[in-house]
1. Region 132-175: which trypsin sites (Lys or Arg not before Pro) are DSSP loop and have at most 12 other beta-carbon atoms within 10 angstrom?
2. Compute the FRET efficiency between Asn108 and Lys172 as 1/(1 + (r/R0)^6), taking r as their Cβ-Cβ distance and R0 = 25 Å, and round to the nearest 0.05.
3. Between helix 72-97 and the chain, what is the angle of the helix's C-alpha long axis to the longest principal axis, kept within 0 to 90° and rounded to the nearest 10?
4. Using a 10 Å cut-off around each Cβ, can you sort Met180, Met16, Met131, Met33 from fewest to most neighbouring Cβ atoms?
5. Run through the DSSP bridge list for the chain and note the antiparallel percent, rounded to the nearest 5.
6. When the gyration tensor of region 108-185 is built from Cα positions, what are the square roots of 5 times its three eigenvalues, in whole Å, from largest to smallest?
7. Dividing the convex hull volume of the alpha carbon atoms of the chain by its residue count, what do you get in Å³ per residue?
8. Towards the positive end of the charge dipole of region 37-185, with charges on Cβ (+1 Lys, Arg; -1 Asp, Glu), say which of Leu182, Met150, Asn123 has the farthest Cα.
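The numbers here are math on the coordinates, done by the rules we state, and not lab data. In this text the structure is predicted, and so the values were computed from the model without any measurement. So basically every Cβ, Gly included, is an ideal-geometry build from the backbone, and we count neighbours across all protein chains shown.
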Amino acid sequence: MTDTDYRIIRSRRRTMAIEITPEAEVLVRAPLMMSDAAVAGFVEIRREWIEKHLAKIRKKAEQRAGVSKLTSEEKQIIIDRALRLIPERVKHYAASVGVTYGRITIRNQKTRWGSCSQNGNLNFNYLLADMPEEVLDYVVVHELCHRKEMNHSPKFWSEVGKAFPEYKKVRKWLKENGSMYLAKD
């Protein structure tokens, strides 16, 4: 790996960290006084990790490049399905999770599948209505479990597992395939 393969960002931090952006840029965050040689050594030690993650990002970018965009008519059909389907699934799973919720909003989100506010309002990406039903159900359960735990602690994942035992398999599917759906929009 050469110096041109990464960009150093210096700040008043005490430790070094590597970040790989969605655009496949390698950023090295380093303390102000850290030498370039020390940064290069840090990067070299982590070369295998960096290359593995860059390969994943490039593969996803290639896959997304081949995805056709939704027409406005197709989008509207999915939005209409989401407006009908998501509130039904939230109502169904809220009872089994044992929580209440506030307003449900269906959005055209660029990076998230769902979110839950402190007040219990739920937001969902409309594209969930175009995915396999178990993926929609997983995201619904995930957000409803945030009504009990507003974090991703082991206790939170235990709650998700109680309501949706297959969540690990579906979560993996979403991580592997979700970007393809986002690329349609």
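1. Details: sites: Arg147, Lys148, Lys155, Lys162, Lys168, Lys169, Arg171, Lys172, Lys175; in loops: Arg147, Lys148.
Answer by residue number: there is no such site.
2. Working: r = 25 Å, r/R0 = 0.99.
My answer for the efficiency is 0.50.
3. So the inclination is approximately 80 degrees.
4. Values: Met180 13, Met16 17, Met131 20, Met33 8.
If I rank by nearby Cβ atoms, fewest first, I get Met33, Met180, Met16, Met131.
5. Details: 7 of 17 bridges.
For the chain, the DSSP antiparallel bridge percentage is about 40.
6. Numbers: eigenvalues 84, 46, 19 Å².
Working through the eigenvalues yields semi-axes of 20, 15, 10 Å.
7. Values: hull volume 27.6 nm³, N = 185.
That works out to 149 Å³ per residue.
8. Projecting each Cα onto the dipole axis, the largest value belongs to Met150.
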